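Every read-out reported here was derived from the displayed coordinates using simple, explicitly stated rules and does not represent laboratory data. These numbers come from a predicted model, not from an experiment. FYI the Cβ positions are ideal-geometry reconstructions off the backbone, even for glycines, and counts take in every protein chain you see.
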């Protein structure tokens, strides 16, 4: 075999950081050792994997082509190492989740996964849908859990569970006692919403199709708790996932508002890279996610 796993590690780190110094540091190597490993890999096959722009390394077409295969091979090698050292298949995971999922669903899933695999760790990255999708594309995450719909040729997007968005208000809001809100009510209200790029905002814009340009968006915030506090303070109406609002509805400090003329249903999705090796850990994570839905439906 003309290449080593260490050379592949250096190649992938250089692809990620676009800088050999930072790549070497991430692998606890000297810069010269990392440079030599990358140079040897290219010389052994008489190829060039990067375009050198000053100190920046930018993947060329060949580098982009072989990167997923190198990722898959290294992931399999790491999984074998875990199995040999710890006598267990599922190992560490890098999971990305959007805010609603990350703050209200993912933590329990992490606890169950790590209870099954006591030596495994799960790193949870909570960002909006667009950011999670990009990190899956860049091989920075093993799996993403998102609220928004994504279309990208490198991504496999798999439906996970049903959800719905709920319009809500402070109990003291003038619209709080209405049995249902008309489109006229929606256009007259002030709104506190998630930012563009979030799955929740994407769904909200779809729900309000036809009247969206006429809505008065007072604030756009990146965090669900900030939106809930602004609505609680009487600044306007909000619209978030029901899973983020159940506790507030139970306490009575926020109230749901019905808009039956609008379809508020949506789905949560798994997002995986089509060319990334799907480890036993990823498969176990997906299995736990699906089991959680079955348990909820039977409770």
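Just a few scattered comments:
- Degrees separating the helix 31-45 axis from the principal Cα axis of the chain, which is the longest one: 70
- FRET efficiency, 1/(1 + (r/R0)^6) with R0 41 Å, evaluated for residue 151 and residue 188 via beta carbons: 0.75
- Modelled spin labels at residue 30 and residue 107, positioned 7 Å past Cα toward Cβ, are 4.6 nm from each other.
- Share of Cα-Cα pairs in the stretch 162-265 lying beyond 16 Å, as whole percent: 51
- Relative contact order of the stretch 162-265, taken over Cα pairs closer than 8 Å and 6 or more residues apart, is 49 percent.
- Hydrodynamic radius of the stretch 5-86 per Kirkwood, over alpha carbon pairs, in Å: 13.1
- Modelled this way, with points 7 Å down the Cα-to-C-beta line, the labels at residue 274 and residue 261 are 4.2 nm from one another.
- The base-10 log of I(q)/I(0) for the chain, evaluated at q = 0.06, 0.08, 0.10, 0.13 Å⁻¹, reads -0.27, -0.46, -0.67, -0.95 [Debye formula, identical scatterers on Cα atoms, solvent excluded].
- Packing-based order for 32-41, 192-201, 131-140, using average beta carbon neighbours within 10 Å, highest first: 192-201, 131-140, 32-41
- Here the stretch 13-73 and the stretch 240-299 have alpha carbon centers that stand 39 Å from each other.
- Shown for 264, 224, 294: other C-beta atoms within 10 Å of each C-beta, ranked fewest to most, produce the order 294, 264, 224.
- Counted by neighbouring Cβ atoms within 10 Å, the residues 289, 239 run from fewest to most as 289, 239.
- Centroid-to-centroid separation of the stretch 86-137 and the stretch 194-225 [C-alpha atoms, Å]: 27
- Gain on full stretching of the segment that runs from residue 52 to residue 226 - 0.36 nm per residue minus C-alpha separation: 58.2 nm
- Relative protection proxy for 91-97, 282-288, from highest mean packing down: 91-97, 282-288 (other beta-carbon atoms within 10 angstrom).
- The mean sequence distance of close C-alpha pairs (under 8 Å, at least 6 residues apart), as a share of the length of the chain, puts its relative contact order at 22 percent.
- Length-normalised contact order for the stretch 35-86 - Cα pairs under 8 Å, 6+ apart - percent: 19
- C-alpha long axis of helix 280-298 to longest principal axis of the chain, angle in °: 20
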